[in-house]
1. Filter region 104-115 down to residues that are within 15 Å of the ligand (Cβ to nearest atom) and free of Cβ contacts under 8 Å to residues at least 60 places away in the same chain, then give me how many there are.
2. I'm checking my understanding of the structure. Among residues of region 138-178 that are in contact with a strand residue (DSSP E or B) (Cβ under 6 Å, 6 or more places away or on another chain) and of a type in the set (D, E, K, R), which one is farthest from H191 (Cα to Cα)?
3. Having 3 or more residues that are under 23 Å from H108 (Cβ atoms) is the bar; report the helices (runs of 4 or more DSSP H) wholly within region 166-246 that clear it.
4. Within region 53-74, can one find any residue that is at pLDDT 95 or above and closer than 16 Å to H291 by Cβ?
5. Could you please give the count of residues in region 129-180 that are free of Cβ contacts under 8 Å to residues at least 12 places away in the same chain and either away from the ligand (no atom under 16 Å from the Cβ) or within 18 Å of the chain's Cα centre (by Cα) (or both)?
6. Every residue in region 110-131 that is surrounded by fewer than 15 Cβ atoms within 10 Å (Cβ to Cβ) and of a type in the set (G, A, S), please.
7. Checking P101 against (1) surrounded by fewer than 22 Cβ atoms within 10 Å (Cβ to Cβ); (2) touching a residue at least 60 places away in the same chain (Cβ under 8 Å); (3) more than 16 Å from the ligand (Cβ to nearest atom), only one condition comes out false. Which one?
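The values are calculated or read from the model by the stated rules, or taken from the named source; none is laboratory data. Everything quoted here is computed from the prediction, not taken from an experiment. Cβ placement follows ideal geometry from the backbone for every residue including glycine, while neighbour counts extend to all protein chains displayed.
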Amino acid sequence: MDAGLQRELEQKVYAGERLSYADGVALYDSDDLAWLGGLAHHVRTKRNGDRVLFNVNRHLNLTNVCTASCAYCSFQRKPGEKDAYTMRIEEAVRLAKVMEPSGITELHIVNGLHPTLPWKYYPKVLAELKAALPNVALKAFTATEIHYFERISKLSANEVLDTLIDAGLESLTGGGAEIFDWEVRQHIVDHQTHWEDWSRIHRLAHSKGLRTPATMLYGHIEHPRHRVDHVLRLRELQDETGGFVVFIPLRFQHDADGDPRNRLMTQPMATGAEVLKTFAVSRLLFDNIDHIKNFWVMHGLTTAALSLSFGADDLDGSVVEYKITHDADGFGTPTTMTREDLLALIRDAGFTPVERDTRYRVLTTYDGPDRARRDVPQPISA
Ligand code: SF4
């Protein structure tokens with residue numbers, strides 16, 4: 001990038017001016033990682049200070065049986081396949097109850113698109129989870145699943161959402177977004193929910209008072225311009241509804257074991273530098289979203305900690321088990337972190353940990369960095 005353009009972009013960021021598509025592409029084109037990180041950290045600090053949010057949650061996948069075969073997904077199984085499973089409602093409740101003593105505040109529930117489970121299963125499982133764990137927020141279903149429920153229930157998304165909200169739904173999840181540009185999407189997504197329906201469903205959820213996350217799966221066959229386009233579509237929708245609470249870039253994980261379900265397995269994964277660049281540019285472009293989250297399971301703890309200085313201000317989470325893309329990961333990334341692990345990671349990165357709930361309300365602000373820990377090198381998990 002020439003010095004003139006670099007100065008121009010810098011001035012725009014410091015003046016709080018909105019960046020354009022061309023600006024986003026130019027930022028990705030820069031190899032000056034420290035410069036990008038400095039800009040993103042300026043924006044992040046202005047908006048969120050030195051706080052790093054986290055929540056204590058559990059991911060629950062009710063079924064891995066799925067009619068679709070998305071190219072990046074090692075989680076899906078076809079009916080009758082070895083290790084295909086579908087939880088009975090009692091089993092889901094029992095599993096959730098096991099986690100209760102660790103103080104979870106949220107259940108994050110996403111599933112395959114099961115070919116024969118009846119629609120009534122889904123509100124019923126929410127209602128029973130809510131009855132069993134009344135203080136735990138239910139963040140459930142991607143827009144893809146809601147779109148699928150429309151088809152299997154013959155109800156409108158409006159009626160589907162009302163039924164799920166009555167049963168205890170507090171937020172949708174942000175998945176199913178991947179990369180919206182059809183040039184890429186046609187090669188990686190095998191279900192029928194694309195930008196038009198994904199945005200329609202989130203818009204509707206926002207109109208009902210739900211605040212939802214938005215994701216982007218990057219580091220596979222897309223180019224930086226597709227990431228820019230993806231964020232700008234979301235930014236425009238956010239201008240309209242204000243209902244997105246967090247943006248979550250998710251690094252594609254190729255399959256170390258060569259699972260043929262993951263048809264992108266020969267793709268290399270995004271490098272640490274590309275990860276940090278993606279977080280920084282996302283923070284700079286997405287000027288109307290409060291939070292950028294690093295789902296550490298897909299980045300590893302070291303990169304997750306570094307991303308806190310490249311625009312991220314939220315870590316998910318105290319995950320006990322995560323499957324959808326993690327099945328692909330043979331790189332030793334842990335699947336479990338406790339509250340204490342997260343506190344140490346955030347403090348060691350130089351930030352103040354703040355525990356939040358699903359709606360990003362502050363629950364507890366903890367002490368900030370522990371200088372005494374700096375005297376001795378601390379072990380890292382991954
Ligand atoms: S990403 Fe979701 S919809 Fe696609 S194959 Fe996997 S479980 Fe099914």
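1. Final tally of qualifying residues: 4.
2. E170
3. 195-207, 224-241
4. Yes, some residue in region 53-74 is at pLDDT 95 or above and closer than 16 Å to H291 by Cβ.
5. Number of matching residues: 5.
6. Within region 110-131, A131 is the sole residue that qualifies.
7. Looking at each condition in turn, P101 falls short on (2).
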